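To start, the structure itself, in structure tokens.
The values are calculated or read from the model by the stated rules, or taken from the named source; none is laboratory data. The model shown is predicted, which means the values in this text are computed figures rather than measured ones. Positions of Cβ are generated from backbone atoms using ideal geometry, with glycine treated the same way; all protein chains shown enter the neighbour counts.
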Amino acid sequence: MSFFFHINDEKKFGLPFFISFIFILFLTASCAFTKSRVTKQTFKKGKQIVRIVEKDIDAHYLSKKKLEHPHIFAEAKIFDNLTSLKYKRLALLSREEDVFDKKLAKEISSLLVNAFKRASKNDFIEVDAKSPKGRILGDVFIFKRKLNWKFKIINGASYERRNSKDYLDGWKIVLQKGQKYYGKKELFGVRVAKNWIICPVDKTWSNVTLPSKGDQKVDTYNKLNGESGTDILETLPKEQSKKGVSSTQKEIESKFLRLKKLVQKGLITKEEYKAKKRELLEEYF
């Protein structure tokens with residue numbers, strides 16, 4: 001009896017465990033497949049790594065576009081661009097900081113020059129750097145005569161934290177002269193990716209001036225690049241005068257009051273209210 005009971009137990013419990021094991025393996029393999037990136041070539045200098053990688057399948061609107069690689073850069077131009085990149089943490093009283101300090105920029109410049117020479121039209125260039133403050137991870141590429149930087153991690157902090165409970169541990173890129181955010185038109189306006197900035201690649205790179213108007217300027221992607229689509233770019237706002245500060249403060253207050261009235265009237269949910277409030281805090285602070 002005990003022998004048959006043992007066999008029946010194996011039949012009873014063995015098959016479900018086997019099916020569960022196969023299912024877990026399938027999920028693991030599928031996740032690894034979707035997240036993995038194909039590395040074509042790697043350039044290293046100490047702890048600093050630059051890779052040529054194939055464009056991701058889900059690389060937004062660029063998945064079917066041809067990038068403008070290879071490209072020949074002077075090392076000094078790359079160095080100037082690296083040292084111009086600034087970011088700011090979302091915590092209160094945070095200050096503007098360098099993404100790459102001069103020492104790190106010098107180490108990476110030559111690696112990037114070589115990578116741009118060898119990259120193809122279907123490749124991103126991935127920077128995986130180690131700074132004293134932590135890891136820096138992001139993609140850089142050229143599209144429509146513009147240099148694109150799309151960061152994922154800066155000094156150990158992930159951009160994705162902006163959408164989590166650790167919101168104040170996140171960060172945003174701070175625009176400098178000639179730089180623009182990448183954004184996308186949505187139903188209720190424009191969603192700007194503040195981890196993705198764009199600047200020109202041509203000879204006027206270092207001579208680009210700020211827009212003349214004080215407010216943020218938004219142009220359609222079609223106007224800027226001669227191509228249809230829903231993507232837009234947002235330029236750096238000009239520094240405001242003392243008179244402009246008071247008007248901006250009134251504008252902020254009116255937006256928050258309007259948002260509060262919308263949730264009180266039940267026109268938007270509490271979740272939508274919190275999300276929009278977070279966007280306004282990020283935009284103005």
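Is it the case, given these coordinates, that ILE22 is modelled with pLDDT of 65 or more, outside the structural domain of GLY183 (by TED's automatic domain parsing) and either exposed (fewer than 14 other Cβ atoms within 10 Å of the Cβ) or more than 20 Å from the chain's Cα centre (by Cα) (or both)? Yes.
Filtered by the rule that a residue be hydrophobic (A, V, I, L, M, F, W, C), under 16 Å from ARG37 (Cα atoms) and surrounded by fewer than 22 Cβ atoms within 10 Å (Cβ to Cβ), segment 128-162 gives LEU137, VAL140.
Quick one: in segment 60-103, of everything that is assigned to a loop (DSSP other than H, G, I, E, B), among the hydrophobic types (A, V, I, L, M, F, W, C) and buried (at least 16 other Cβ atoms within 10 Å of the Cβ), which residue is farthest from the chain's Cα centre (by Cα)?
First, pick out the residues of segment 60-103 that are assigned to a loop (DSSP other than H, G, I, E, B): 65-74, 85, 90-96, 99-101.
From what's left, among the hydrophobic types (A, V, I, L, M, F, W, C): 67, 72-74, 85, 90-93, 99-100.
Those left that are additionally buried (at least 16 other Cβ atoms within 10 Å of the Cβ): 67, 73, 85, 90, 99-100.
Numbers: LEU67: 18, PHE73: 23, LEU85: 13, LEU90: 15, VAL99: 13, PHE100: 16 Å.
Across segment 60-103, the extreme among qualifying residues is PHE73.
In segment 186-206, the residue that is farthest from LEU280 (Cα to Cα) out of those that are at pLDDT below 75 and outside any strand (DSSP E or B) is LYS203. Residues in segment 109-140 that are of a type outside the set (Lys, Arg) and in contact with a His (Cβ under 7 Å, 6 or more places away or on another chain): PHE116, ALA119, SER120, ASP123. Is it the case that LYS106 is of a type in the set (D, E, K, R) and at pLDDT 95 or above? In short, yes.
Looking only at segment 40-47, decide whether some residue is in contact (Cβ under 8 Å) with a residue 12 or more places away in the chain, in a loop (DSSP other than H, G, I, E, B) and not aromatic (Phe, Trp, Tyr). Let's see the steps before the verdict.
Here is the first cut: in segment 40-47, the ones in contact (Cβ under 8 Å) with a residue 12 or more places away in the chain are 40-41, 43-47.
In the following step, the residues that additionally are in a loop (DSSP other than H, G, I, E, B) were identified as 46-47.
Going one step further and asking which of them are not aromatic (Phe, Trp, Tyr), we end up with 46-47.
Yes, segment 40-47 contains a residue that is in contact (Cβ under 8 Å) with a residue 12 or more places away in the chain, in a loop (DSSP other than H, G, I, E, B) and not aromatic (Phe, Trp, Tyr).
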